[in-house]
């Protein structure tokens with residue numbers, strides 16, 4: 001059962017709606033989030049496949065991604081330490097901001113730094129949330145100036161919602177005291 005749970009964290013996102021009503025739903029982790037900027041496939045942020053990402057969008061040289069990973073090895077680590085893992089491999093960087101962030105009512109960690117990529121200065125902003133056995137990372141990589149894209153990014157991750165622990169328990173095949181038999185497969189919203 002654990003192997004199936006870990007595979008479910010790697011992806012399983014379905015989309016519903018069009019334009020500003022487009023919503024993405026992860027069937028196992030039961031979270032929902034709209035496309036950045038509310039445009040979905042028709043808007044300025046275009047969805048594309050990125051290996052390892054639940055969702056990835058691009059717009060004129062910038063990318064926004066949402067990644068999730070579920071493992072008991074991360075269950076005890078503070079969210080600040082989990083966020084720092086995103087910095088591995090980025091040798092030269094200038095930290096602009098680092099501190100707590102509130103994501104869907106839970107404590108998270110935000111960090112912003114500048115680095116050089118392919119000869120140009122880029123800003124990287126990330127928000128990390130640790131909930132249950134899963135870590136969620138939202139990442140923006142954008143050329144400078146970055147202010148308007150940072151605002152769009154902040155609006156994007158702030159509207160993320162997860163159904164809650166009972167749904168995660170069902171996905172893992174566990175039962176909570178207030179539930180009946182766990183669902184063999186979470187329902188799909190259409």
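Just so you know, all these numbers are worked out from the coordinates, no wet-lab data involved. From a predicted model like this one, the values you see are computed outputs, not experimental measurements. Note that each Cβ is placed from the backbone with ideal geometry, even for glycine, and that neighbours are counted across all protein chains shown.
Points to keep in mind about this one:
- Net length available on complete extension from residue 91 to residue 158 is 21.2 nm, with 0.36 nm assigned per residue and the Cα-Cα distance removed.
- The order of 49, 114, going from fewest to most other C-beta atoms within 10 Å of their C-beta, is 49, 114.
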